[in-house]
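Undergrad: First, the structure itself, so that you have it in front of you.
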2 protein chains.
Amino acid sequence: MTRSEENYLKAIYHLSDTFDGGISTNAIAEKMKTKASSVTDMIKKLSEKELVNYRRYKGVELTERGKLVAASIIRKHRLWEVFLVDKLNFTWDEVHDVAEQLEHIKSEKLINQLDEFLGFPKRDPHGDPIPDKDGNMSDHADVLLVTLNKNDKGIIVGVKDSSSSFLKYLDKQGIALGKKIKVIDKEPFDNSMKIRIKKEEFTISQQIANNIYMKK
Amino acid sequence: MTRSEENYLKAIYHLSDTFDGGISTNAIAEKMKTKASSVTDMIKKLSEKELVNYRRYKGVELTERGKLVAASIIRKHRLWEVFLVDKLNFTWDEVHDVAEQLEHIKSEKLINQLDEFLGFPKRDPHGDPIPDKDGNMSDHADVLLVTLNKNDKGIIVGVKDSSSSFLKYLDKQGIALGKKIKVIDKEPFDNSMKIRIKKEEFTISQQIANNIYMKK
DNA sequence: TTCTTTTTTTAGATATAACTAAATATTAAT
DNA sequence: ATTAATATTTAGTTATATCTAAAAAAAGAA
């Protein structure tokens with residue numbers, strides 16, 4: 001498992017968190033700050049290793065093995081972030097670049113001893129959950145959509161208002177339980193927000209956002 | 001500075017510790033477990049970056065800048081070793097491979113905070129001195145040559161017996177203050193040892209080894 | 001000094017992971 | 001249903017760091 005392969009798996013894992021279905025070559029290229037042609041090459045390689053499923057022009061999805069590898073890298077990344085903040089007095093905004101390097105260190109013992117040394121933390125300094133040895137991650141806590149900020153992502157898990165007029169509105173917009181949302185922009189004046197579901201972007205009012213429960 | 005360049009600098013630094021003068025292509029190849037031709041390529045690269053001085057067929061020596069870079073990698077390696085043993089309950093024989101990876105993490109802040117977190121240790125778990133930020137290393141403590149074990153290295157810093165017959169013997173063998181010695185083998189039966197000075201190997205008795213002070 | 005052995009270097013090849021430019025496939029629009 | 005626009009892939013190139021095999025230089029022996 002090369003460093004580059006690990007970085008691609010991690011990128012695909014994070015993108016799958018925001019988008020349903022196959023992740024497009026271009027989306028990966030943008031995330032990895034590289035070119036689509038490079039992504040195509042790497043996808044072939046990961047596909048041969050059965051870490052992703054890949055259908056030409058249909059995008060990629062992680063296999064179970066792929067998910068496990070990605071989760072283990074995220075586990076390492078987040079544990080190192082806790083170490084940097086809790087033990088070495090880094091601030092939460094300084095940790096990312098260093099953790100990007102540390103996440104590629106290969107040693108089962110190292111990461112499990114580190115986990116213990118840190119007291120088996122459940123979340124990293126940004127509040128993101130830390131996967132355990134088996135790749136299981138405790139869920140994000142439920143919050144109202146209105147509390148999310150620009151660039152936050154989440155999954156719709158419930159509604160507060162169950163009136164038929166509200167639910168009809170949701171149906172019309174294609175908003176439903178299980179859908180993944182990313183907040184593209186938030187208007188401070190009236191708390192209306194531009195959100196993205198699948199590849200579609202549209203704006204919703206604060207009233208709407210106030211009645212949708214999300215898992216962050 | 002690539003990982004490979006760093007590893008070569010470190011290897012040359014360690015070899016310079018045991019041998020005087022230029023370090024040969026073959027010696028580096030052996031240490032790096034690679035081929036002489038690969039070493040030649042890398043030497044050219046390091047030479048262009050003025051990290052080593054290089055004369056065809058005469059071997060290489062680190063420049064001041066090269067020494068500084070090498071010392072900073074060794075500093076990182078040894079500090080991480082202390083971390084692994086002191087904080088994560090590794091045993092002294094488990095740390096090397098992981099430290100080989102950790103030594104390449106790039107972050108000034110990381111290594112200086114780690115240094116502080118560990119209480120500014122002076123030696124790693126094997127007793128080797130840890131260079132400070134400026135590449136300065138506290139000397140090894142003086143020991144009798146007889147106390148060294150197989151594969152240990154050191155510099156001759158003094159003699160206990162100053163009789164002319166002893167000193168004459170030393171002269172004849174080419175043993176003198178400042179010479180670098182590596183213990184090639186040690187015979188448990190009589191504590192005689194096969195040692196190497198420059199590229200010459202020979203055997204000395206316990207009486208001799210008992211009268212020579214070394215800096216490890 | 002000439003020959004042999006050892007050491008070192010060169011030349012050419014391979015693998016990884018990028019890139020650019022061009023070709024091809026898919027989706028969207030008229 | 002074509003055409004236009006977009007997305008993706010292919011082909012060919014580059015840089016790093018290796019390697020093998022062969023050539024060249026230096027050191028050692030006769």
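Undergrad: What's the total number of residues in the range B:107-136 that are surrounded by 13 or more Cβ atoms within 10 Å (Cβ to Cβ) and under 30 Å from A:GLU103 (Cβ atoms)?
TA: Residues in the range B:107-136 being surrounded by 13 or more Cβ atoms within 10 Å (Cβ to Cβ) and under 30 Å from A:GLU103 (Cβ atoms): 19 in total.
Undergrad: Quick check on the range A:85-99. Is at least one of its residues more than 10 Å from chain B (Cβ to nearest Cβ), open to solvent by 20 Å² or more (accessible area, probe 1.4 Å) and farther than 18 Å from A:PRO129 by Cβ?
TA: yes
Undergrad: Report, by residue number, each residue of the range B:190-216 that is assigned to a loop (DSSP other than H, G, I, E, B) and either open to solvent by 80 Å² or more (accessible area, probe 1.4 Å) or over 16 Å from B:ILE155 (Cα atoms) (or both). Outline the logic, then answer.
TA: Initial filter on the range B:190-216 (assigned to a loop (DSSP other than H, G, I, E, B)): B:190-192, B:198-199, B:205, B:210-211, B:216.
Matches in the range B:190-216: B:ASP190, B:ASN191, B:SER192, B:LYS198, B:LYS199, B:SER205, B:LYS216.
Undergrad: Quick check on my filter: what residues within the range B:160-199 are touching a residue at least 60 places away in the same chain (Cβ under 8 Å) and in contact with a Ser or Thr (Cβ under 7 Å, 6 or more places away or on another chain)?
TA: B:LYS180, B:LYS182
Undergrad: Give the range A:15-48 a look and list any residue that's more than 13 Å from DNA strand D (Cβ to nearest atom) and either surrounded by fewer than 15 Cβ atoms within 10 Å (Cβ to Cβ) or free of Cβ contacts under 8 Å to residues at least 12 places away in the same chain (or both), or say none.
TA: A:ASP17, A:ASP20, A:LYS33
Undergrad: Is there a residue in the range B:51-64 that is within 21 Å of B:PRO129 (Cβ to Cβ), away from chain A (no Cβ under 14 Å) and either of a type in the set (S, T, N, Q) or open to solvent by 30 Å² or more (accessible area, probe 1.4 Å) (or both)? If you could, list the steps in order and put the result at the bottom.
TA: From the range B:51-64, those within 21 Å of B:PRO129 (Cβ to Cβ) are B:62, B:64; that's our starting set.
Then drop every residue that is not away from chain A (no Cβ under 14 Å), which leaves B:62, B:64.
Among the residues that remain, those that are also either of a type in the set (S, T, N, Q) or open to solvent by 30 Å² or more (accessible area, probe 1.4 Å) (or both) are: B:64.
Yes, because at least one residue in the range B:51-64 is within 21 Å of B:PRO129 (Cβ to Cβ), away from chain A (no Cβ under 14 Å) and either of a type in the set (S, T, N, Q) or open to solvent by 30 Å² or more (accessible area, probe 1.4 Å) (or both).
Undergrad: As an exercise: evaluate B:HIS104 against (1) facing chain A (nearest Cβ under 9 Å); (2) touching an Asp or Glu at 6+ places or on another chain (Cβ under 7 Å); (3) open to solvent by 40 Å² or more (accessible area, probe 1.4 Å) and give the number of the one condition it does not meet.
TA: Failing condition for B:HIS104: (3).
Undergrad: Still on this structure: Can B:ASP139 be described as open to solvent by 70 Å² or more (accessible area, probe 1.4 Å) and at the interface with chain A (Cβ under 8 Å from one of its Cβ atoms)?
TA: Working: open to solvent by 70 Å² or more (accessible area, probe 1.4 Å): yes; at the interface with chain A (Cβ under 8 Å from one of its Cβ atoms): no.
Answer is no for this residue.
Undergrad: Please state which of the following conditions B:SER72 fails to meet, knowing it meets all the rest: (1) at positive phi; (2) away from every other protein chain (no Cβ under 12 Å).
TA: The number of the failed condition is (1).
Undergrad: In the range B:1-74, which helices (runs of 4 or more DSSP H) lie fully inside it and hold 1 or more residues that are over 25 Å from B:ASP152 (Cα atoms), near DNA strand C (Cβ under 9 Å from one of its atoms) and at pLDDT 95 or above? Before the answer, list the steps.
TA: Numbers: elements: B:3-18, B:25-32, B:36-48.
Qualifying helices (runs of 4 or more DSSP H): B:36-48.
Undergrad: Could I ask something else about it? Of the residues that sit in the range A:142-153 and are in contact (Cβ under 8 Å) with a residue 40 or more places away in the chain and touching a strand residue (DSSP E or B) at 6+ places or on another chain (Cβ under 7 Å), which one is most open to solvent (accessible area, probe 1.4 Å)?
TA: Out of the qualifying residues, it is A:ASP142.
The values are calculated or read from the model by the stated rules, or taken from the named source; none is laboratory data. All values reported here derive from a predicted model rather than from experimental measurement. Glycine also receives a Cβ, built like all others from the backbone with ideal geometry; neighbour counts cover every protein chain displayed. When the accessible area is computed, the model is the full protein with side chains, heavy atoms only, and any ligands, DNA or RNA have been set aside. Shrake-Rupley method; radii C 1.70, N 1.55, O 1.52, S 1.80 Å.
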